[in-house]
Amino acid sequence: MKVIVIGATGAVGKAVVEELGQRHEVVTVGAQGGQHQVDFANIDSVRGLFAKVGKVDAVVVAAGKLHFAPLASFTPEQFYLGLNSKLMGQVNVALVAQEYLNDGGSITLTSGIVAEQPIRNGASASMVNAAVEGFVRGAAIELPRGLRINVVSPTVLQESMGSYGPFFVGFEPIAASRAALAYARSVDGAQTGQVYRAW
């Protein structure tokens, strides 16, 4: 299969590329790195990416920015960071991918453990991740041509504990390679509308 991985240069993305690359042709995409670049918060940029890459069998998104801060100090603009990036960026990819996926192809998006297990400073992350999961459930019943859509919900990664460890006290981190297996289940499997929990 030919698979686009958006966010291929991040901790999760690198592990997904390594896992899927054992069996498939992987096209790597990043905001700045990778074989192609995209600003997935801009749907015209997403359309340009797919126009260049052409028909594919699967699309994986392992990208998206979020703001972490105490709720008392959160501003609407800080909430919009996650809404525009991690939520609508992934929705943009799903909308455009419909036209470029071969019959039976798949879309795999990324949420996160805080959709179900909230943390301090994470109100935006909980909101956005839960919204991504809601979108996937809704989209799964409407996609044509046997197209599938799922979402992977990873916990904090061992590789990211230096940055995010203080937010996730008491959580058991996992290796990015373990999270990548959940993406492989989505790409190589047969289910749709699923939330694959990597925790």
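So which helices (runs of 4 or more DSSP H) are wholly in the stretch 36-102 and hold at least 2 residues that are over 26 Å from Ser163 (Cα atoms)? Show your work before the answer.
Details: elements: 43-53, 76-82, 88-100.
The qualifying helices (runs of 4 or more DSSP H) are 43-53, 88-100.
Every test in (1) under 20 Å from His24 (Cβ atoms); (2) outside any helix (DSSP H, G or I); (3) among the aliphatic types (A, V, I, L, M); (4) open to solvent by 20 Å² or more (accessible area, probe 1.4 Å) is passed by Ile149 save one, and that test is (4).
Annotation note: Cβ proximity below 6 Å between a residue of the stretch 48-75 that is within 30 Å of Tyr100 (Cβ to Cβ) and a residue that is open to solvent by 50 Å² or more (accessible area, probe 1.4 Å) and in a loop (DSSP other than H, G, I, E, B) (sequence gap 6+ or interchain) occurs for Asp57/Met1; Ala58/Met1.
Pairing each residue of the stretch 120-142 that is on the phi > 0 side of the Ramachandran plot with any residue that is of a type in the set (A, V, I, L, M), provided the two are 6+ apart or on different chains, yields C-beta distances under 9 Å for Asn121/Ala69; Asn121/Leu71. Among the residues of the stretch 103-146, those identified as under 19 Å from Ser186 (Cα atoms), part of a loop (DSSP other than H, G, I, E, B) and of a type in the set (Gly, Ala, Ser) are Ser111, Gly112, Gly146.
Would you tally the residues in the stretch 134-179 being among the small types (Gly, Ala, Ser) and farther than 21 Å from Lys65 by Cβ? Before you say what the answer is, go through the steps one by one.
First, pick out the residues of the stretch 134-179 that are among the small types (Gly, Ala, Ser): 134, 138-140, 146, 153, 160, 162-163, 165, 170, 175-177, 179.
The next check asks that each one be farther than 21 Å from Lys65 by Cβ; those that pass are 138-140, 146, 170, 175, 177.
The qualifying residues number 7.
For Val91, the conditions (1) open to solvent by less than 10 Å² (accessible area, probe 1.4 Å); (2) within 11 Å of the chain's Cα centre (by Cα) are fulfilled apart from (1).
The values are calculated or read from the model by the stated rules, or taken from the named source; none is laboratory data. The structure displayed is predicted, hence computed values, not measured ones. Cβ coordinates were reconstructed from backbone atoms using ideal geometry, including for glycine residues, and neighbour counts include every protein chain displayed. We work out accessible area using only protein heavy atoms, side chains counted, and drop any ligands, DNA or RNA first. Shrake-Rupley method; radii C 1.70, N 1.55, O 1.52, S 1.80 Å.
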